[in-house]
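The values are calculated or read from the model by the stated rules, or taken from the named source; none is laboratory data. Note that the coordinates shown come from a computational prediction; the quantities given were computed from them, not determined experimentally. Cβ sites come from the backbone with ideal geometry, for glycine too, and all protein chains shown count toward neighbours. Surface accessibility is based on the protein's heavy atoms, side chains included, excluding ligands, DNA and RNA. Shrake-Rupley method; radii C 1.70, N 1.55, O 1.52, S 1.80 Å.
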Amino acid sequence: MAEYKGVMVYGEIANGKLAAITTELLGCGRRLANELGEPLGAVLVGSGISNFAQETIAFGADKAFVVDDPLLKDYQTDSYVAVIEKVVKQVTPRILIMGQTSVGRDLAPKLAFRLGTAVSMDCLDLKIDPNTKLLLQTKPVYGGNAQAIFSCESYPQMVTVRSKAMSPLARDDSRKGEVVAIPSGLDPSAIRIKVLQKVKEEIEGIKLEEAPVIVAGGRGVGGADGFKQLTELAKLLRGAVGATRPPCDNGWVPEGLQIGLTGKIVAPELYIAVALSGSSQHMSGCSGSKNIVAINKDPEANIFKAAQYGVVGDWKKVLPAFTNKVKELLAG
């Protein structure tokens, strides 16, 4: 039986740079590796990505395992699963951490099956049990209304982690580590998918998932004109606008702004919830927010249970006053 040792982070590269989720996972991985007294490794897969290996070391990794192959230029499930399976079986990490991203959600379950282990998806916190040395995996359950802690006795212990749930370490370019190149061993004839075209989503302003501040509106905003007021406040706070499902279904805002179980998962520093009830479906997408401020005329609205601060009142009166105060503070 293989000896499983250490922590491994799957690193994603987006728009020609190390993705923010990767630096967050490396920060988390470094903490877990220190608790175990074992090494932290990062695995990078793609084409022309070898130059990012040293960057993962600067953010906390002891070793960077690089699989650089032109056949891996575009993410494809079959080839990426096969390559990462090969790396994991060669390195045998105790823990494998991936991001709860579009790639991670697709890759992790298939990889776990191939490795004969389990995976906990969308974790918010990770700790080491001091007695068993098992990974304690905290994730939301019941639509985000509660959190449960899981552990797994099969190896490697696999998890995906929600964006912004962890904090990256400060970059230290003086850190030393080892870069290990691993051949992909891919057979071109075994790749069943060919990418013909990529269509990039056009986004004005800050990307919703990366915004430090989000002003989100619900059905109670009443229409597209109401969302113009939310947009004004979001711009003042250098944030983005989000929405629950009804405004998107009604065409008040684009579908890409939907936050929730069937939309996007966000975790900003500040989440201002305007005229939304706080249904479990919506809260599952924003429960990781550091601070939630709720504005709703219904004092019994579920959103107040999750909010750190709340205002009971008509948003049409509350929001303009709040926006004017923000303008005043910024001007002063």
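Miscellaneous remarks
- Enumeration of residues in segment 91-117 that are within 26 Å of Lys264 (Cβ to Cβ) and open to solvent by 20 Å² or more (accessible area, probe 1.4 Å): Gln100, Thr101, Ser102, Val103, Arg105, Asp106, Pro109, Lys110
Listed here are the residues, each with its yes/no results for (1) over 19 Å from Val221 (Cα atoms); (2) not small (Gly, Ala, Ser).
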{"site": "Ile265", "(1), (2)": "yes, yes"}
{"site": "Ser279", "(1), (2)": "no, no"}
{"site": "Ala307", "(1), (2)": "no, no"}
{"site": "Asp314", "(1), (2)": "no, yes"}
{"site": "Leu319", "(1), (2)": "no, yes"}
{"site": "Ala331", "(1), (2)": "yes, no"}
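- Of the residues making up segment 189-224, those that are open to solvent by 100 Å² or more (accessible area, probe 1.4 Å) and among the charged types (D, E, K, R) are Arg192, Lys194, Lys198, Lys200, Glu201, Glu202, Glu204, Glu210, Arg219.
- Given (1) surrounded by fewer than 12 Cβ atoms within 10 Å (Cβ to Cβ); (2) of a type outside the set (Ser, Thr, Tyr); (3) not in a helix (DSSP H, G or I), number of the condition Val179 does not satisfy: (1)
- Meets criteria (free of Cβ contacts under 8 Å to residues at least 40 places away in the same chain and within 22 Å of the chain's Cα centre (by Cα)) for Val103: no
- Condition check for Gly263: at positive phi, free of Cβ contacts under 8 Å to residues at least 40 places away in the same chain and out of contact with any Lys or Arg (no Cβ under 6 Å at 6 or more places or on another chain): no
- 3 or more residues at pLDDT 95 or above and among the hydrophobic types (A, V, I, L, M, F, W, C): qualifying strands (runs of 3 or more DSSP E) within segment 244-332: 270-274, 291-296
- Selection status of Gly220, farther than 20 Å from Lys327 by Cα, touching a residue at least 12 places away in the same chain (Cβ under 8 Å) and assigned to a helix (DSSP H, G or I): yes
- Count of residues meeting criterion [out of contact with any strand residue (DSSP E or B) (no Cβ under 7 Å at 6 or more places or on another chain) and over 16 Å from Gly239 (Cβ atoms)] in segment 266-276: 0
Yes or no, residue by residue, for (1) polar (S, T, N, Q); (2) more than 21 Å from Gly6 (Cα to Cα); (3) at pLDDT below 95:
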position: Leu71; (1), (2), (3): no, yes, yes
position: Lys86; (1), (2), (3): no, no, no
position: Thr92; (1), (2), (3): yes, no, no
position: Leu124; (1), (2), (3): no, no, yes
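- Residue within segment 301-323 that is open to solvent by less than 50 Å² (accessible area, probe 1.4 Å), on the phi < 0 side of the Ramachandran plot, under 30 Å from the mean Cα position of the chain (by Cα) and charged (D, E, K, R) present: no
- Residues satisfying the stated conditions in segment 291-300, i.e. open to solvent by 50 Å² or more (accessible area, probe 1.4 Å) and touching a residue at least 24 places away in the same chain (Cβ under 8 Å): Lys297
- Residue count for segment 1-35, restricted to those that are at positive phi and in contact with a Lys or Arg (Cβ under 9 Å, 6 or more places away or on another chain): 1
- Tally, over segment 49-81, of residues that are of a type in the set (Phe, Trp, Tyr) and either out of contact with any helix residue (DSSP H, G or I) (no Cβ under 7 Å at 6 or more places or on another chain) or surrounded by fewer than 19 Cβ atoms within 10 Å (Cβ to Cβ) (or both): 2
- One residue stands out among those in segment 118-166 that are among the acidic types (Asp, Glu) and closer than 20 Å to Thr23 by Cα: the one that is surrounded by the fewest Cβ atoms within 10 Å (Cβ to Cβ), which is Asp125.
- One residue from Ile84, Ile13 being β-branched (Val, Ile, Thr) and open to solvent by 10 Å² or more (accessible area, probe 1.4 Å): Ile13
- Subset of segment 154-167 (residues that are of a type outside the set (Ser, Thr, Tyr) and assigned to a strand (DSSP E or B)): Gln157, Met158, Val159, Val161
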